[in-house]
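Here, each number is a calculation from the coordinates, and none is a lab measurement. Fair warning: this is a prediction, and the values are worked out from it, not measured in the lab. All Cβ positions, even for glycine, are placed from backbone atoms using ideal geometry, and neighbour counts span all protein chains on display.
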Amino acid sequence: MSFSIPADVKIFEVGPRDGLQNEASLVSVEDKIELVNQLSNAGFNNIEVGSFVSPKWIPQMANSTEVFAGIDRKMGVTYSALTPNLKGLHAALDAGVDEIAVFAAASESFSQKNINCSIDESINRFKPIMSEASKHNIPVRGYISCVVGCPYEGEVAAEHVANVARPLNDLGCYEISLGDTIGIGTPTSIVRMISTVCLSVPVKQLAIHCHDTYGQALANIYAALQSGIAVIDSAVAGLGGCPYAKGASGNVATEDVLYLLHGLGIETGIDLKLAIVAGNYISGKMNRRNQSRVAQAMKL
Ligand code: HMG
Ligand code: MG
């Protein structure tokens with residue numbers, strides 16, 4: 001497989017959702033709204049604002065309806081949310097989402113821990129979501145967690161990822177985000193996994209979603225770019241983690257990804273300094289340091 005690095009790359013900013021879903025302290029509606037507005041002003045065109053999941057499972061996302069109601073909607077920006085079932089989809093539609101995401105896993109144990117059902121059951125659960133979303137002209141993104149490793153089962157075979165990517169693609173997900181949930185991958189395992197999934201789903205429909213637990217995220221993203229992937233999920237300030245993936249640290253920091261991409265001469269349309277300001281803002285609200293190395297170096 002040989003591809004050149006894409007000239008244009010889409011950054012899918014997951015900070016307000018993946019970044020904040022695992023925080024011990026609840027972030028207020030006002031602070032979330034300000035974060036989303038700062039992100040749209042920085043030039044992000046894809047912002048995952050929250051999720052419509054059970055508040056018993058993820059209390060941090062319980063105020064997603066209020067967040068959607070309060071943000072300044074900027075033309076050209078897609079404001080999206082996770083929806084695990086029809087109840088979530090209906091709440092998301094009421095909130096006026098532009099796009100939704102369903103989320104599955106490549107490992108059975110993680111699927112059970114995260115969404116309380118098997119992989120096959122999850123695919124079946126997505127079917128009515130897809131048809132209802134289609135009636136409302138809402139595009140659906142698909143996530144797959146644990147694409148190289150699982151906190152409960154260890155190494156995950158690339159074929160298992162392809163076996164989930166295929167039905168998600170067949171159901172009509174316009175894009176499938178491949179999540180290294182516990183940040184355990186290296187360029188070798190990431191490229192092997194992408195090469196296998198590409199046999200089932202065109203690379204143009206794939207995104208890479210790296211957590212930085214083992215400090216490999218930027219190397220893995222570079223390898224994914226060389227494999228032809230042109231969509232990168234990231235979170236400002238390197239916020240994040242998944243409550244059902246013990247030890248999973250933050251997402252790769254958006255500021256670091258932007259620095260890499262701009263250094264490679266790749267267009268993103270995002271203002272790095274304004275992204276750092278947004279990352280600093282939310283870090284300040286959580287009394288922590290911005291985890292992005294670029295943000296730390298630039299000291300804005
Ligand atoms: P369940 O307990 O099997 O569901 O959970 P249930 O249908 O039996 O319902 C139980 C209760 O939840 C009921 O309330 C429902 O009404 C309520 P009760 O009658 O007990 O008062 N409920 C809901 N409430 C609000 N919104 C909803 C909803 N659905 C049910 N949509 C369920 C199944 C899927 C709902 C649950 O497991 C859940 O919400 N899971 C979400 C887990 C989650 O959000 N994980 C993090 C996101 S995934 C991730 O981070 C990975 C990713 O970043 C990629 C990567 O890094 O790998 C995407
Ligand atoms: Mg994640």
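With springs only between Cα atoms under 10 Å apart, run a GNM on the chain and tell me which of Asp180, Asp31, Asp170 wobbles the most. Evaluated over the chain, the most mobile residue of the options is Asp170. A simple packing score, the average count of other Cβ atoms within 10 Å per residue, orders the peptides 39-46, 86-93 as 39-46, 86-93, with the highest score first. Helices in the chain, meaning DSSP H runs of at least 4 residues, each add -39500 (n - 2.57). Divided by all residues, the mean residue ellipticity at 222 nm is -12000 deg cm²/dmol.
Hey, which aspartates and glutamates would be in cross-link range of Lys127, C-alpha to C-alpha under 18 Å, not counting anything within fewer than 8 residues on its own chain? Within the straight-line limit of under 18 Å, Lys127 reaches these aspartates and glutamates: Glu99, Asp170, Glu175.
Within the chain, DSSP assigns beta bridges of which about 10% are antiparallel (rounded to the nearest 5).
Put in order of Cβ neighbour count within 10 Å, fewest first, the listed residues Arg73, Arg192 become Arg73, Arg192.
As an exercise, take the mean of 1/r over every pair of distinct alpha carbons in segment 30-71, invert it, and state the Kirkwood radius in angstroms. Write out the running numbers ahead of the final one.
Numbers: mean 1/r = 0.0925 Å⁻¹.
The answer is 10.8 Å.
Using a 10 Å cut-off on Cβ atoms, rank the peptides 76-82, 232-238, 292-298, 281-287 from the highest mean neighbour count down. It would help to have the intermediate numbers written out before the result.
Numbers: 76-82: 20.7, 232-238: 29.6, 292-298: 18.6, 281-287: 16.3.
By packing density, highest mean first, the sequence is 232-238, 76-82, 292-298, 281-287.
Each residue in Lys273, Lys113, Lys56, Lys74 was given a count of other beta-carbon atoms within 10 angstrom of its own, and listing them fewest first yields Lys56, Lys273, Lys74, Lys113.
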